[in-house]
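Notes for the one structure printed next.
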Protein chains: 2
Amino acid sequence: MKEVKVALLGAGTVGSAVVRLLQANAEEFNLRAGARLRVIGIAVRNLEAPRDPAIDRALLTTDAHAIIAQADIVIELMGGIEPAREYILAAFAAGASVVTGNKALLAEHGPELYDAAARAGVDLYYEAAVGGAVPVVYGLRESLAGDRVTHILGIVNGTTNYILDEMTTNGESFDAAVKKAQELGYAEADPSADVDGYDAAAKCAILASLAFHTRVQLSDVHTHGIRDITPEMIASAGRGGYVVKLVASAKRRANGIELYVGPTLIPAQHPLATVHGAYNAIVVEGEAADRLMFYGPGAGGNPTATAVLSDLVAAAHHRVHGGLAPRELAYGELPILPPAQARSRFQLSMDVADHVGVLSEVTGTFARHNVSISGVTQESPTADHLCRLTVTTHEALQADVEATIADLSAAAGPATVSTASFVRVEVA
Amino acid sequence: MKEVKVALLGAGTVGSAVVRLLQANAEEFNLRAGARLRVIGIAVRNLEAPRDPAIDRALLTTDAHAIIAQADIVIELMGGIEPAREYILAAFAAGASVVTGNKALLAEHGPELYDAAARAGVDLYYEAAVGGAVPVVYGLRESLAGDRVTHILGIVNGTTNYILDEMTTNGESFDAAVKKAQELGYAEADPSADVDGYDAAAKCAILASLAFHTRVQLSDVHTHGIRDITPEMIASAGRGGYVVKLVASAKRRANGIELYVGPTLIPAQHPLATVHGAYNAIVVEGEAADRLMFYGPGAGGNPTATAVLSDLVAAAHHRVHGGLAPRELAYGELPILPPAQARSRFQLSMDVADHVGVLSEVTGTFARHNVSISGVTQESPTADHLCRLTVTTHEALQADVEATIADLSAAAGPATVSTASFVRVEVA
């Protein structure tokens, strides 16, 4: 049986799990790959840091380039942009295939890496970059090669899903839910990459690139986090039959692609509505395939390691038996639409003065901006004579919704609206 | 660009959709496959039958062997055992790869076909055989190559899911729901392959073979249909927090594999509970990956065609660029456990006489057979002084549950039990 030499860069939670699972199931992996998988070295920053007992200290090195030069396959699990980018390019230059879980790197430098892999005639696999154990990269790259994808809608950040789920189930405040997530290890000390939507935006860029065969980068994704979500908004959404989820959305339109990350109202009967805790789920709609969903744990050492290992098996199989994974094709090259041009259903919440005729004036403003209303609810006035108005629209242009809010907020007289906000609404 | 010659066997709903989508998106398919895909002929039984306008009548032939002999890839969508089996073996003998959606054939003759493909050094793809557009074959064959699967639990028959969903939502009888399914084209005039569980059993055998690297055949799967499910049973399950689903289950135990198709109580918070209508969903649990779910349309021309086409693209890519799909490995060769040895949670329903002390006698019988009870509900007696007793167990051996029922039914005196039945219960 041929041997495939594997260099591992990074020995954190996922890297340790990769080594542990490779050792525990060595024979099965060798049979599946059709080759003997041998870890020749593990590059780390600090040789003395405390480590998982599965890590053989004799394999540790601080010289990544030395093990990359001897490897058939390099597994990059360091994260961050540099030196991960430099190491991956070095691996390609040395003729090695690469398996990575580095979403930030792919979202910023994906095209450079895809091109470098293609020029070197090697594989670049990255299942672990999106959705942990959920095989959505595989699904888009290979399973849906037989269809044209029209929409991707995913819960791709387990931390924010956990936080929103806590706020929904227990009525907790955003701050209290973040604290709980931090205690459980779901959220970092500085939770901004998660709660401000950047992690989800990186995954959105990767998924959209794959689905639409178009090069999409992080900066193309209009991103809104969940810091301003309150238990009251969630409760109000619940009364209307919706749950609030942070979603990544990428939609094919006649004139280009809409990309969006932000809190969204999901109808209770939508398959994403029942995705709880730190789970991830990605709904993929295709012209012919209708609606598919991929669901599973979005993070964690062992689950994410299974994604890395399935990539490793595929890459090793190619090293020994020939073949290459499908290339990242950019033949689509669809334009990226600016957020104002996005079309969606929206729900607007606003406080209006409790006067006869206010509703008519407000809805008239919607009509002047071509925003068609599907429903309005008005709550009983509070002590300060303000009514909470919730307006749900049919599909409308975001620019028109923003103009409506600007007009309503600027209006003189009794129909002046304060604290208006809007979120997107998905259809079941 | 190289040309890949494709012979299609069968021009029914799925075959026509394959041709239509290939024509509509020809350029995209060619780019993805890295080859020009050309349909060289379509074998049908009757040249004169009315057909989808996408089918070019000049391509039709009744001589399947003639087009198989010239093909690089043969797509078999005729269904049935013979002559499909003969044609596929002829394709392998001629050096062609095969894409099939024939679950019955794979469940009965899978090992023969896998071996023949391996000997010929060609691909055998069959994504469309399970779950329509849902890429669960891909998931098990490739994505989960990095894990050891412990349990597969799937809704793999859309017809029965539609029927049970109708009975649940509208309180309809089994017969009325079947009639509605027939009117909508979900169920055939003779619905037995669906409602008696055979279709699901074939898919169970295919999934278990893949998941456990063990050769499982249709006859290995203990199968129970849904003909005896009543709206009352569904309503009672609902009050207990369960929905009734026909599931295919394949579970790895220390001493072998448990295989089962039958109506099962699914907790409302389980991801399968919200799979409605004719949708399919397969939950795959792995030692490291935790719980994954694949969800989508389980039937229909276009969705199933996308599965065929993704297989076609993969097979064509291999023809042009080298490589082969992973082999069906049978290194596991785990024993198949007989149904009596299966362990599960169960729910038993029975009518008992309304006497003091009956509950104690009944639960005593459970205890004597080592069946541990997790909950009992007793409904108010009816006019004929019978009480409906619902007993839910912890995990127990099916043989012990059957012995308990036999004892209870045979008991003399006030604790005689009539019309006892049991179903399995899944955990959330």
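The values are calculated or read from the model by the stated rules, or taken from the named source; none is laboratory data. Bear in mind that the values here come from a model prediction, so they are computed numbers and not experimental data. Backbone-built Cβ (ideal geometry, glycine too); neighbour counts: all protein chains shown.
Here are some notes:
- The residues of segment B:164-216 that are aromatic (Phe, Trp, Tyr) and more than 19 Å from B:PRO263 (Cβ to Cβ) amount to a single one, B:PHE212.
- Residue in segment B:379-390 that is buried (at least 20 other Cβ atoms within 10 Å of the Cβ) and either in contact with a Lys or Arg (Cβ under 8 Å, 6 or more places away or on another chain) or of a type in the set (Val, Ile, Thr) (or both) present: no
- Of the residues A:ILE75, A:ILE55, A:ILE81, the single one that is β-branched (Val, Ile, Thr), farther than 13 Å from A:ASP311 by Cβ and out of contact with any Ser or Thr (no Cβ under 7 Å at 6 or more places or on another chain) is A:ILE81.
- Here is the figure for segment A:318-335: residues that are touching a Lys or Arg at 6+ places or on another chain (Cβ under 8 Å) and at the interface with another protein chain (Cβ under 7 Å from one of its Cβ atoms) total 2.
- Residue check for A:VAL391: modelled with pLDDT of 90 or more and in a strand (DSSP E or B): yes
- Applying the criterion of being among the hydrophobic types (A, V, I, L, M, F, W, C) and more than 13 Å from the chain's Cα centre (by Cα) to the residues of segment B:243-256, the residue that is nearest to the other protein chains (Cβ to nearest Cβ) is B:VAL243.
- Across segment A:226-252, the number of residues qualifying as more than 14 Å from A:VAL156 (Cβ to Cβ) and either out of contact with any Leu (no Cβ under 9 Å at 6 or more places or on another chain) or not aliphatic (A, V, I, L, M) (or both) comes to 15.
- Selection over segment A:154-176 of residues that are free of Cβ contacts under 8 Å to residues at least 24 places away in the same chain and closer than 14 Å to A:ASP196 by Cα gives a count of 1.
- Scanning segment A:1-19 for residues that are within 14 Å of chain B (Cβ to nearest Cβ) and without any contact (Cβ under 8 Å) to a residue 60 or more places away in the chain returns A:MET1, A:VAL19.
- Complete set of residues in segment A:100-153 that are under 17 Å from A:GLU86 (Cα atoms) and polar (S, T, N, Q): A:THR100, A:ASN102
- B:ALA66 fulfils the conditions (1) surrounded by fewer than 23 Cβ atoms within 10 Å (Cβ to Cβ); (2) of a type in the set (Gly, Ala, Ser); (3) touching a Pro at 6+ places or on another chain (Cβ under 6 Å) except for a single criterion, (3).
- Test: residue in segment A:204-214 that is touching a Pro at 6+ places or on another chain (Cβ under 6 Å) and not assigned by the TED database to the domain that holds A:LEU105: no
- Condition check for A:GLN182 on (1) part of a helix (DSSP H, G or I); (2) crowded, with 24+ Cβ neighbours inside 10 Å: one failure, at (2).
- Unique match (being within 14 Å of chain B (Cβ to nearest Cβ), surrounded by fewer than 22 Cβ atoms within 10 Å (Cβ to Cβ), among the hydroxyl-bearing types (Ser, Thr, Tyr) and not in a helix (DSSP H, G or I)) among A:THR169, A:THR214: A:THR214
- Considering segment A:317-350, and only residues there that are of a type in the set (Ser, Thr, Tyr) and at pLDDT 80 or above, the residue that is surrounded by the fewest Cβ atoms within 10 Å (Cβ to Cβ) turns out to be A:SER349.
- Scope segment A:257-306; condition assigned to a helix (DSSP H, G or I), buried (at least 24 other Cβ atoms within 10 Å of the Cβ) and at the interface with chain B (Cβ under 7 Å from one of its Cβ atoms); matching residues: A:PRO271, A:PRO303, A:ALA305, A:THR306
- Qualifying positions in segment A:310-362 - assigned to a strand (DSSP E or B) and among the small types (Gly, Ala, Ser): A:SER344, A:SER349, A:ALA353
- Checklist (1) part of a helix (DSSP H, G or I); (2) at positive phi applied to B:ASP400, failing item: (2)
- Filter result for A:VAL371 (at pLDDT 90 or above, among the β-branched types (Val, Ile, Thr) and outside the structural domain of A:ALA107 (by the TED database)): yes
- Residue check: A:ALA235 meets all listed conditions (1) within 8 Å of chain B (Cβ to nearest Cβ); (2) among the small types (Gly, Ala, Ser); (3) assigned to a helix (DSSP H, G or I) but one, namely (1).
- Of the numbered criteria (1) surrounded by fewer than 23 Cβ atoms within 10 Å (Cβ to Cβ); (2) within 14 Å of B:VAL39 (Cβ to Cβ); (3) of a type in the set (A, V, I, L, M, F, W, C), the one B:ILE75 fails is (1).
- In segment B:279-312, the residues that are within 25 Å of A:GLY298 (Cα to Cα), of a type in the set (D, E, K, R) and touching a residue at least 60 places away in the same chain (Cβ under 8 Å): B:GLU285, B:GLU287
- Enumeration of residues in segment A:177-202 that are in contact (Cβ under 8 Å) with a residue 60 or more places away in the chain and either more than 19 Å from A:HIS276 (Cα to Cα) or acidic (Asp, Glu) (or both): A:ASP199, A:ALA201, A:ALA202
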